[in-house]
Amino acid sequence: MKYSRIAVKLFEREGEDVFYDPVYHGRTLKVFGMDDWPGNALKYFVDEYRKLGYGTVVFDTEGEFSGEGFDTVIRVEDGRGVGLDPIVLASQGLLDGYTAATIVQTAYGLDRTLTDRLYSDILAGKIKNVPQTLKSGGKYGEVIGESYTPLDEAFYSGEPPKFEGNILVDLGKTYSITLAGVAFLIVSAVVRHRRKTMIGVNDAAVLGYTTAGGAAIPLITKPLRARVTILATQYAIDSVMNLGGPSLVLYHDPDTQSVIYEANGVPPGPMRKHVHKGEGAFIYRTPETINVFWGEVEF
């Protein structure tokens, strides 16, 4: 079988290399494993795609990436200024005004009418940042204020990141899953149009659990030519398993492996081979078939 230029080797099987090829298999690869296996896999893909000349954007909830090799490192910590204010980013041309208003809508539960009012005020220059919405006297400010906390205030403060080159979003010291989800959504919105880029997420199920995080998943998994997304997770949940694209099953509990095989439509029997430590099962579909290959992974 011929592979494209951006195919990455997964393992060797019976003397033949098995590759993940975004062009042939789908632009989003879902990686399931327990302990450090998902993180190890993501590090492997980051290294391989950099060798292919791709930029990398990594969301890391486990704190496994040190920041070495990244041009922009965004460390999100509770109570610390991060500068991820979507309205400020819109004023700098990194987002459009409507996307900024929609991010605020998602984070604070605005309805469509209030979102349109906020967008109008952003365009008119009346609202220059999220904290200012609380002092605006508008109805949207009242709704935002119902769930706005000092953690939010700190999160939006500070100089905005540059978003240059390879980007690491370090969420390892973020205990507020709400803030982690909002950070995930904002950065995903900034990079959503980037091509020749590999976007990696660990842990995808954790970040996708919140409303804001769930809204970010479609932004980074939308199929784009010359882009690859790797969603790594320890949890076999529907929001990740039901996404289009192949799956790489690493060492995990037997019942979890069974759930993943079932979700991918793999029929019972020898195709559902148990994956042991250091092994992987690569599952991909075509319009006609379901294919499963096994082997020892290289990470």
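In table form, for the structure just shown:
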item	result
Sorted by Cβ density within 10 Å, fewest first, the residues Thr99, Thr113, Thr289	Thr289, Thr113, Thr99
Glu279 versus His193: modelled label distance in nm, points set 7 Å from Cα along the beta carbon direction	4.6 nm
Percentage relative contact order, region 86-156, counting C-alpha pairs under 8 Å, at least six apart	29 percent
Sites Glu262 and Tyr3, calculated FRET efficiency, Cβ-Cβ separation with R0 22 Å, nearest 0.05	0.20
Using θ = phi - 60° and Karplus 6.51 cos²θ - 1.76 cosθ + 1.60, couplings along region 98-109 (whole Hz; Gly, Pro as x)	6, 5, 4, 5, 5, 4, 4, 4, 5, 6, 10, x
Alpha-carbon spread of region 86-156, three principal axes, descending order, Å	28, 26, 19
Signed unit charges on C-beta, dipole axis of region 25-86, positive-most listed residue Thr28, Phe59, Pro86	Thr28
³J(HN,Hα), Karplus 6.51/-1.76/1.60, whole Hz, each residue of region 211-226, x for Gly, Pro	4, 5, x, x, 6, 6, 4, x, 5, 9, 9, 4, x, 10, 4, 6
The chain: angle of helix 37-51 to the longest principal axis, Cα-based, in degrees nearest 10	90 degrees
Rounded to 10°, Cα long-axis angle of helix 177-191 versus longest principal axis of the chain	80 degrees
Spatial separation of Cα centroids for region 20-43 and region 153-174, in angstrom	24 Å
Value of D in µm² per second that Stokes-Einstein yields for the chain, Kirkwood Rh from Cα pairs, at 10 °C (1.306 mPa s)	79 µm²/s
DSSP beta bridges in the chain [antiparallel fraction, %, rounded to 5]	40 percent
10 Å-binned pair-distance histogram of region 153-214 (Cα, whole percent)	18, 55, 26, 1
Nearest-20 debye value, region 120-194 charge dipole, Cβ charges on Lys, Arg, Asp, Glu	220 debye
Computed label-point distance, nm, for sites Arg225 and Asn129 using a 7 Å Cα→Cβ extension	4.1 nm
Debye, to nearest 20: dipole size of the chain, +1 on Lys, Arg Cβ, -1 on Asp, Glu Cβ	1140 debye
Of Tyr3, Tyr44, Asn291, farthest towards positive along the dipole that unit charges on Lys, Arg, Asp, Glu beta carbons give the chain	Tyr3
Virtual spin-label span in nm between Ser120 and Val18, 7 Å along Cα→Cβ	5.7 nm
Residues with amide H under 5 Å from that of Val297, placed H, sequence gap 5 or more	Glu279, Gly280
Packing-based order for 260-272, 194-206, using average beta carbon neighbours within 10 Å, highest first	194-206, 260-272
Across Lys9/Lys30; Lys51/Lys277; Lys128/Lys173; Lys9/Lys51; Lys135/Lys162; Lys30/Lys51, pairs whose alpha-carbon gap is larger than 18 Å	Lys51/Lys277; Lys128/Lys173; Lys135/Lys162; Lys30/Lys51
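Read-outs: derived from the displayed coordinates by stated rules, not from any lab. A quick note: this is a predicted structure, and the numbers were derived from the prediction, not measured. Counting neighbours? That spans all protein chains shown, and the Cβs are built from the backbone with ideal geometry, glycine included.
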